[in-house]
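The values are calculated or read from the model by the stated rules, or taken from the named source; none is laboratory data. Quick caveat, the model's predicted, so the values are computed rather than measured. Note that each Cβ is placed from the backbone with ideal geometry, even for glycine, and that neighbours are counted across all protein chains shown.
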Amino acid sequence: MPESIELIEMRRDVVTSSYPDLRVSYRSPEYFFGYSPRLIRTNKNYYDFKSKIPEGLRVSTAAEELAVQLGLERAGQNPRKASDFDDIFTRRNFGWHAIQRTETGLRVPKGWEGGRYQTDAKGNIQYPRIVLIGDQEIGEALVPCGGNWSIVIGWNEVFGIPILTADGFMLDANYQTRVDNRYEKHTTHFDFNSNPPIDEKTGRQDVGVWRENAFCYGVNNKCLSVSAGRLRSVAFPRIGVRLVQGPLPEIEKLVV
């Protein structure tokens, strides 16, 4: 653990997200937090590392990471080139390819084991999940299909996870894979394990929400990626986390 952490003050605006099929919506208020522009490297699993975090700091949530990304995109900047994501894109620490763990997790609800899913009125596949921040269940979500590193075309900004994805690849006249013209400006992919193994700590099908880079045809070779398939109890050398300072907001749940 480094002796000191550089922090940049960030403001997260009020955001809302809804799931009409679940008849719920969520609201996260405006709040401020201190944000480290760099990841720190850890070889520990999620549970072991949490016990080592200095008092007053915590691991960033998927929603906070998304707020930074979307802030760049809405300002007309390319998040793939931003220094905030240098560790993910191997531009720092002698090419360290960081796979970033966040404080957010997804849990398979009882009765939805085995990769069971539902479809919405348009035929989109949706997997019911309980959203975790740390070990706290904070809400429900319908997670879209993430097979074949789907392109993210809609976000739940309250939780920091995709709300809608698309298979954005097609073959051209020479049978070469390329991005569908509708998604040429995409920045992020989604990978998802619909039937994860049991987490040895919780005894539930829990996975962390991670961030990394992903190969992408036709877009400078690499994009950002959100993945939800690895157990929180796993550890490997490329794991990185971003430390932040400040309390977590109270997320409001509304029945609609």
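With the condition kept exactly as written, say whether any residue in the stretch 90-104 is in contact with a Pro (Cβ under 8 Å, 6 or more places away or on another chain), closer than 22 Å to S233 by Cα, modelled with pLDDT of 90 or more and not basic (K, R). Write out each step before concluding.
Initially, the stretch 90-104 is screened for residues in contact with a Pro (Cβ under 8 Å, 6 or more places away or on another chain), giving none.
No, the conditions are met nowhere in the stretch 90-104.
Residues in the stretch 138-158: is at least one out of contact with any strand residue (DSSP E or B) (no Cβ under 9 Å at 6 or more places or on another chain) and part of a loop (DSSP other than H, G, I, E, B)?
no
For the stretch 221-234, does any single residue satisfy the condition of being β-branched (V, I, T), in contact with a His (Cβ under 8 Å, 6 or more places away or on another chain), at pLDDT below 95 and surrounded by fewer than 21 Cβ atoms within 10 Å (Cβ to Cβ)?
No, the stretch 221-234 has no match at all.
Sort out which residues of the stretch 46-81 are among the polar types (S, T, N, Q), touching a residue at least 24 places away in the same chain (Cβ under 8 Å) and surrounded by fewer than 20 Cβ atoms within 10 Å (Cβ to Cβ), and write them in order of number.
N78
Give the residue that is modelled with the highest pLDDT, with candidates limited to residues of the stretch 170-220 that are in a loop (DSSP other than H, G, I, E, B) and among the acidic types (D, E).
Once the filter is applied, the top-ranked residue is D199.
In the stretch 77-86, how many are under 16 Å from the mean Cα position of the chain (by Cα), of a type outside the set (F, W, Y) and either modelled with pLDDT of 90 or more or assigned to a strand (DSSP E or B) (or both)?
Qualifying residue count, the stretch 77-86: 2.
Could you tell me which residue of the stretch 101-116 is farthest from E212 (Cα to Cα), considering only residues that are part of a loop (DSSP other than H, G, I, E, B) and charged (D, E, K, R)? Before you say what the answer is, go through the steps one by one.
Our first condition is that a residue be part of a loop (DSSP other than H, G, I, E, B); within the stretch 101-116, this holds for 108-116.
Cutting the leftovers down to charged (D, E, K, R) gives us 110, 113, 116.
Numbers: K110: 29, E113: 26, R116: 26 Å.
Checking each candidate, the answer is K110.
Among the residues of the stretch 34-54, is there at least one that is out of contact with any Leu (no Cβ under 9 Å at 6 or more places or on another chain), assigned to a loop (DSSP other than H, G, I, E, B) and closer than 22 Å to G139 by Cβ?
No, the stretch 34-54 has no match at all.
Could you grab me the full set of residues in the stretch 116-127 that are surrounded by fewer than 20 Cβ atoms within 10 Å (Cβ to Cβ) and not polar (S, T, N, Q)?
Hits for the stretch 116-127 are R116, Y117, D120, A121, K122, G123, I125.
Give me the residue from the stretch 130-171 that is without any contact (Cβ under 8 Å) to a residue 24 or more places away in the chain and of a type outside the set (A, V, I, L, M, F, W, C) and, out of that set, surrounded by the most Cβ atoms within 10 Å (Cβ to Cβ).
To start, the set of residues in the stretch 130-171 that are without any contact (Cβ under 8 Å) to a residue 24 or more places away in the chain comprises 136, 148, 154, 166-168, 170-171.
Imposing the further condition that a residue be of a type outside the set (A, V, I, L, M, F, W, C) reduces the set to 136, 148, 154, 167-168.
On the way: Q136: 10, N148: 13, G154: 11, D167: 13, G168: 22.
Selected residue: G168.
I need the full set of residues from the stretch 32-90 which are under 17 Å from D135 (Cα atoms) and of a type in the set (G, A, S), in order please. So that I can check it myself, show each step before the final result.
First pass over the stretch 32-90, keeping only residues under 17 Å from D135 (Cα atoms): 45-53, 57-63.
Hits for the stretch 32-90 are S51, S60, A62, A63.
Results for (1) among the basic types (K, R); (2) under 21 Å from the mean Cα position of the chain (by Cα); (3) closer than 24 Å to I251 by Cβ, shown as yes or no for each residue.
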residue: Y19; (1), (2), (3): no, yes, yes
residue: Y26; (1), (2), (3): no, yes, yes
residue: P29; (1), (2), (3): no, yes, yes
residue: R38; (1), (2), (3): yes, yes, no
residue: N45; (1), (2), (3): no, yes, no
residue: S51; (1), (2), (3): no, no, no
residue: P54; (1), (2), (3): no, no, no
